[in-house]
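Structure first, then comments.
The values are calculated or read from the model by the stated rules, or taken from the named source; none is laboratory data. Note that the structure is predicted; figures quoted are calculated from it, not measured. Cβ placement follows ideal geometry from the backbone for every residue including glycine, while neighbour counts extend to all protein chains displayed. Only protein heavy atoms, including side chains, enter the accessible area calculation; ligands, DNA and RNA are left aside. Shrake-Rupley method; radii C 1.70, N 1.55, O 1.52, S 1.80 Å.
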Amino acid sequence: MGRIAFLIWLLIGFSPTLASAQETEASIERGRYLVLITGCNDCHTEGYAEAKGDIPENEWLKGSALGFRGPWGTSYATNLRIGMAYLEEEAWLKYVQNVLPLKLPPMPWYNVQQMNEIDLRSIHKYVKSLGPAGSEALHPILPGFEPDGQYISFPEVP
């Protein structure tokens, strides 16, 4: 490319802002796709599995009051939209790499940790794009205490 052609390309043919916006939009769409295919909504969206996925997107990832009860007590799927609303990308990556294994079952944190950095960043961008909504998830209940609401029971594995 000649010098003049290069200058014209710089002036009218290239827009870093547009390219960056397109890359961000592509990353958000990738995050949406990953949320769908990895089953995030199955637990983190109230009624998603029962509705066979027919839940409006603006209701996605707001957590669920359905408990998961097992030897660990009773755990609840968190509201990812509130959880990630103020969490920057780098903090999300550190969380996945270091804190997520401390989460209670049945969250498959071991699968999330196998995702590559690009996918994790895309999921973060997508969830943040939804904006904060809903309320905080219920707190886990220690073993031996009865939860108030509905729950799925996981038997102790010998």
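At a glance:
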item: Principal-axis tilt of helix 16-37 within the chain, Cα atoms, nearest 10 degrees; result: 30 degrees
item: Pair Gln114, Ala49: separation of 7 Å Cα→Cβ label points (nm); result: 1.9 nm
item: Helical mean residue ellipticity (222 nm; -39500 (n - 2.57) per DSSP H run of 4+; nearest 500) of the chain; result: -11500 deg cm²/dmol
item: Rounded percent of accessible protein surface that carbon and sulfur make up, the chain, 1.4 Å probe; result: 60 percent
item: The chain - share of DSSP beta bridges that are antiparallel (%, nearest 5); result: 55 percent
item: Reciprocal mean inverse distance between Cα atoms of the range 22-158 - Kirkwood radius, Å; result: 15.6 Å
item: Inter-site label distance for Tyr95 and Ile152 at 7 Å from Cα along Cβ, in nm; result: 2.2 nm
item: The chain: angle of helix 117-130 to the longest principal axis, Cα-based, in degrees nearest 10; result: 80 degrees
